[in-house]
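Step one of this worksheet: look at the structure below.
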Amino acid sequence: MLRDGTVFALRGGAMQPLQPAIFYAGRWQAPAPQALPASFPQSALVTPGSVTFPSRDGPLSHGQLFVPRNAGTANRHPAVLFFHGVQFFKATALYFDEHLASGATARAQ
């Protein structure tokens, strides 16, 4: 942040990829709108759903599930698991080995 209150950041969301942004004079501005190539498949982005699964010691773990548009539920789809934080990884790695290898799935909310 500059002395005049200007903030430099990366802004994005589920339907908008991260892009440089400047907050100045009470509003966000895009300093490089051309940074996102025209070929970027923005229309393919989806808003994630919430999922929960039980941890080995009882509490529910929460996550986000990104499902392709029109994927349906009749078929299984590949998944990518991202662990945030070492403690989370230690606590859930064995769970995933046992639970998901058995063919079980997380529950979408």
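The values are calculated or read from the model by the stated rules, or taken from the named source; none is laboratory data. Since the structure is predicted, the reported quantities are computational estimates derived from the model, not experimental observations. Because the Cβ atoms are built from the backbone with ideal geometry, glycine has one as well, and the counts that use them run over all protein chains shown.
Tabulated data
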item: Matching entry among GLY12, GLY72 (being in a strand (DSSP E or B), out of contact with any Phe, Trp or Tyr (no Cβ under 8 Å at 6 or more places or on another chain) and not β-branched (Val, Ile, Thr)); result: GLY12
item: Residue in the range 46-53 that is at pLDDT 80 or above, among the hydrophobic types (A, V, I, L, M, F, W, C) and within 21 Å of the chain's Cα centre (by Cα) present; result: yes
item: Set PHE66, PHE89: member being surrounded by 11 or more Cβ atoms within 10 Å (Cβ to Cβ) and at pLDDT 80 or above; result: PHE66
